[in-house]
1. Tell me, rounded to the nearest percent, the portion of alpha carbon pairs in segment 741-853 spaced more than 17 Å apart.
2. Could you give the length gained by full extension between E742 and S776, i.e. 0.36 nm per residue of separation minus their alpha carbon distance, to one decimal place?
3. Please identify the GluC sites (Glu not before Pro) of segment 1350-1441 that satisfy two criteria: DSSP loop assignment and at most 13 other Cβ atoms within 10 Å. Which are they?
4. State the volume of the convex hull built on the alpha-carbon positions of segment 907-965, expressed per residue in Å³ and rounded to an integer.
5. Using a 1.4 Å probe on the protein heavy atoms, what percent of the accessible area of segment 808-953 belongs to carbon and sulfur?
6. So how far, in whole Å, is the C-alpha centre of segment 92-136 from the one of segment 884-931?
7. For F1502 and R1133 in one chain, what is 0.36 nm times their gap in residues minus the Cα-Cα distance, to one decimal in nm?
8. Taking the Cα-to-Cβ direction at N537 and at S509 and moving 7 Å from each Cα, how far apart do the two end points lie in nm?
Amino acid sequence: MACPVRSSLLPVVQRPSCRSAAEHSFSRSLSAAWSPKHILNLSPLSGRQIVRLRRGCTTSAIATPTTFTTQKDLSLRNGAHVKVIVEQTEKNDQIISIESDVQAGRLLLHWGVEGGKNYKGGWRLPGASARPEGTVQYKDRALQTPFRLDTNGRARVVLHLDGEEASDFFNFVLKDDATNTWYDNNGTNFKVPLRPDATSAAPKVDQLPKDLCDKWAWVRWDHAGRPERADAAAASEYDRGVAEMRELQARGRTLDELWRVAEGKWKYSDYRKKVIIPALGDATAPAAAAAAPPSNGNGSGSGNGAPAAALPRIPDDLLGVQAYVLWEHAGKPDGADFSGEARRVITEQLQSGASLEEVARRLNYTLKEPSTPSASASPTPSGSRSSTPTSSMDGGPPPPPPGAARTPAQVGTPLGTPKRNPLDMIKRSAPAPVLSAERQRVERPLDFLVQRFAVDRTTRWRRTFPLGSKAELLAVVRQENEQSPVRIDLVTDTASNVVLHWGVCPPGSRDWVMPDDAIHPETSAVMHKAVETPFLNCDDDECDVEISGAKVPLQRITINIPPGHHLGAVTFVLRSSDSTMWYKDAGGNFVVPLPSKDGEPVEPQGPDVAKDELSRNIIEAEVNSTQWTLMHRFNKAADLISEVLNGYYEIDVSAAMSRIFTWLRYSATRHLTWQRNYNTQPRILSAAQERLTNAIANAHGRTTGEAQEWVRAMLTTVGRGGDGQKIRDEILHIMHRNHIPERKGLWMEEWHQKLHNNTTPDDVHICEAYLAFLESGGNLGAYWRVLSDAGITRQRLESFDRAITLEPEYYGDKREALIRDFRNYLGILKAVHSGADLSASASAAGNRIPGGARGYLAYVLSHVGDSQILPLLEACVEARTELAPALTGSRELLYLDLALEDQARQAAERGVGSAGFGAAAFMRPLLQNLCLSLGNNEELCYCLKAWNELPSSVRNGGRPNKEEALLAVAVVNRIRRALAEISDRAVHRIGDISKAYGRAFGVERWAYELFAEEVIRGGPAFAVSLVITAIEPMLRNAAALGAWQVISPVEATGVIDVVTGLHEVQDKTYDTPTVLIAEQVTGEEEIPEGVVAVITPDAPDVLSHVSVRARNMRVLFATCHEEGPLKQLKEARGKWLRFTPSASGAVTWTETQPQRQDEGAAHASAAKPTKGLKIEVPTWSGRWVVGMDDYRDGVVGAKSKNLASLRGRLPSNIKLPASVTLPFGCFEQALELPENKHIKQALKETVGRISGRGGSGGAVGGLLTGLGSLVGLGGKASGDASSSSGGHSSHPGRSPAELLAECRRLAMQVVVPRQVRGELESAMRAAGIPPPENEERWALALDALRGVWASKYNDRAYYSLRKAGLDFDSVRMAVLVQRVVPAQYAFVIHTRNPSNNDEREVFCELVKGLGESLVSGMVPGSAVAFKAVKDAGGLAAPEVLCYASKSEAMYVRDSLIFRSDSNGEDLEGYAGAGLYDSITMDPSVLTKIDYMEDRLVQDPGFRRDLLSRICRLGVDIEVALSSAQDVEGVVAPDGSITVVQTRPQV
């Protein structure tokens, strides 16, 4: 029977016997005196000791000795290694141990074998007995087994092939599942023999033909720069080449592949970079090759074999400056790399006798002090850049030497960039100009009707259409039920008399069809295929709307559709009665969808996101313009930007700029036409581009925050413009210089005509494709490949107004001249069309570039696409940082900034996949990059600061210990949350509008559905998310944190449902046991009735309200930190799953059958812990305020009583706050006052509607009732509210949430009796609590008191009590009044660990500032969580489970706090904690914080002492009150602890 090894440190191995691989390995060195017990406790595997955790397993004999052992040490392309140890026993069982030092998020062994029983060729997949735990089958082709860490931190898999599973060869590759990175044997599998006789089966090296050896020697000599060699040296190089080929063959490279390289079909330089160096290293490099520079780093060497004179090593900053100067002198050519030429120039000067200092002086540059990176690759202080630039070219720190031969992406050596305070990068919003955003929204005539229809439960669809001149048309579709007729109401406030020109559409179609006569309103007339119906004036007073003192008349039409109709929509346009004006919807017909059984149901719609005046102008111009090109679009956009800045639109500036960006991006991605019925000369187009880009730059200078962010993004959608005429002239010059005729039938003439007629950004890619064609010797495949990569098809070329139908001709005799000419021409095209091209941007910025940025920029320009990712990232980001102060409003610097941002993103995406945990080194520059890009960047700057304060083992991608990893996980959680906010903000801003624009423009559905996602993925935040994906699994592993955090461990079975947020469904009742997958859980929601489990990626505090209630309700509540399991659960929507939490803290599930109705009922009954509960309603004690001596049952709640009972029972160093309480019934007694009579009556009616609402509806009242009588709505408004000064009435169709909000509003209007203030002041003075100082402060105090009373009507309290079968109106609210204790920290203690219900452990959470940020869910993120065993040793050394990831803390000035203390909070077996509010007299303030710099993190001794004192306090209170307690308290700045409340833990 299988005997699995269960250990978090070892892979789970299943064996037919109880002998593990370690026993087999160790048995050879054990004497007979050792027992199997010893072997199980400690057994070394291949010389390493591994702790074995084995239970219930016995053995009777030592394992048999091995008969065959082999070991393979294999190298991977990123410098990592794999060791494979194979052992074969006398019984022919095979044990394979694979270990690797690959830094990966989740490392998988992708494997199979050759040989074994019934082997039929290819990879064989062993059976279940040979598959370690966690192994999955990959597409019937391979097995994938996760690596586990052993006690030495090595990733390892152990395989057992016993009996019939024994095989001949073991084949495998490795995969980092977190980044989808594969590690193979240079394109093939690793193959290891498993038997002695299988070793001879290694691939035989083919005989190398002499012709191949000769050609190989030649390509190596050519690669080395064709150096002069003596005969002996040449012979030696020939032999080295042959040896190189043999080594490649031995590693699986084929003879055909070598022939391809030798014959030039695969460039040797590329082959060396991609194959030879990863496989063999640089040992076989050709002598004098550029890939093997001399030890001085100068690239100099002796051509005749004589020893070269020793030259000083060229500093890399000097090399970068020289490269920049050469690039400038060469005219700043696009994409050129001058690093090699720079090295040659400096080397020649050194060889002529110049010193490095002299070379630097000639460049007007001062050499930096050399820096020496530490062992951890972090820069030393000496490597930091001086804060004062020494020349105009200064500012670049020493970069690492560039390699001539590019290797696969690797982390690289840091530059040693200057240390910056991230908080100095926070963008403080300057006073903005008075724009439309600051203006009050102008009330519109139809607003009242829109609001009334919005709350009418019969409304199925509504929309407001703009008609121009600020007039609107409101269309509403209403239907009582499926058996009722459909009623369409059209109401407009236009001043002109208008006529409805209309028809109908079949289901699923937009074809215009003549409607039946039966639905024609009176006064209608038939006009060909349409019906025309005049709008009627509404002369009734109720139809008049008053705006600014003037009445606006309304016109209306009603169309009635019978219930059995087979229509999909009503479609129409409007015309003025004199036919001089036609009104359309963005150039097309208006369409009003109808609810129908023949099609999809019509859902009520919210506000129309694309129907503002700005959007209407954009859509009208784009869709309705007969002649339309890029030039027209750019000019229109420039006009709109100016109008937005001048306040012409009643729309938020950020929203306006995001709309214009969306429009321009659709254009840039070719989803909009670039030419329609109009030809634009290049100079006119470039002028329009220049006008638009200057308008964008001006807007950048006039906006801040989010609006400025969208403005900057606009520049990514349009080229800068420039000398467009040069495009037209230079193509002719090129043709004339090279004697290419201007005649039809030639590709170049077709392109020339296209350029002459209407140049577009497509021309950049056409030029690049033609250059690829020329450089490949006329290979048309290269031409089409470049075009395809740019998204340009043959059909698109042929669709141009001046079509390109031919393929380019190859002029062999003109090749070099054409390449030179078209490289220059490409620069001209990019200068006009490619705004964010790096070289073009750097050239255009010229002298505007600050001196501090030039050195960094020089490094970036000479290392674009370099394999050393980290220094390139740092140079990009530091250049941007130096640009930032000069950026605002500068078009050229903005383009350069965007180009650098794009280079950083590309470098990160290129390097993260292969870096493993080394990608952590990218986090700092990428966060800094993101901070520079955001308009509102405060939170990201704090994230960057927190990251910088982590230990170097984390920041530099080393091997953090558990404590360091815990800290890092907290910071990563904060960063992830900030990224989610960025994503949500972008989706909120452009998600709906991009879909609306896409539909209006006729864009393909996939394009507008993915629009917002593509914008986010193309931005700098995405690169940061890639790093998190790469490093988080390893951090959680090092911190001993699994993928799951089980907050309430309960087995559960239910059907899967997926929701965005728990708050959205907290009022819902599920009839079937349901498991919710909720994207967002804040901590203060109520779990819906019928829900048996909640799974979320969010991380609410373990002691938050929702966590406590989940445990009390016996609901499974767990957080999942990995995307994979969450994705699987979301895809299981609608399926029945059974969930089981394990003792190790994981959650597993299996698919099951739906429960029978009786099982579901039994579960529902079992899930209700509140059966038989009843709220006893106390009577008022006759006193408005009582002191602690008078806290009694029936007078005050458990909070007050528990505090009083603790007096004298706690250690002297623990403080209790002075308190007074307003007892039960005070609120109800206040309602009896004459001045509160109307409020009492309104509350009674509203509470009655909440308790007795049962689906009754009603029509819209007020104005709409009158309007209904005129347009045929029928019926009277039901549920007329009693008029009172207490506020407007509650409509019976309103939801409980709306009615509860009305109750709270009424409660806040209660007049507090004068006796309350008098008695409260006296009691406070007697208790030593300073009362409010003046009338203004007393007003604040009484508002806080009313707020606690009003919380009786909180949503979560209502839903929780309803679920428990309790009457929410039976709650009586006592109010505990205390002075706010100054809090450095606040904490909550559960004296019985709620995660595992262990009475031997105390569990605590702690935050900075007020405790409300911990328990309320108002501040997202985790608190510091810790636990301790309740003995002397455990209490002295609490264990930190996680560190805080919260971004903010809550603080308040010296004030009072009014705490809820109701009779509904502490019922036995009912978790009422947190249902009601505690309110400070003064408003609390949210303040950004950094936990990483707090003494709690920085000082281990302080942390241990404080956490120990808190844990001991919890134990003392539990002993004093003889039961498990839920305790809240604070730690003052002087370190003293005060308990502010305690109650029994449930």
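The values are calculated or read from the model by the stated rules, or taken from the named source; none is laboratory data. The shown structure was predicted, so the numbers you read here are calculated from the model rather than taken from an experiment. Neighbour counts are summed over all protein chains in view; Cβ atoms, including those assigned to glycine, are modelled from backbone coordinates with ideal geometry. For accessibility, only protein heavy atoms count, side chains too; no ligands or nucleic acids. Shrake-Rupley method; radii C 1.70, N 1.55, O 1.52, S 1.80 Å.
1. 59
2. Full extension of this stretch gives 9.8 nm more.
3. Within segment 1350-1441, the qualifying GluC sites (Glu not before Pro) (loop, at most 13 other Cβ atoms within 10 Å) are E1399.
4. 77
5. 45
6. So the two Cα centres are separated by 41 Å.
7. Working: separation 369, 0.36 × 369 = 132.84 nm, distance 4.81 nm.
Computed gain between F1502 and R1133 is 128.0 nm.
8. 4.1
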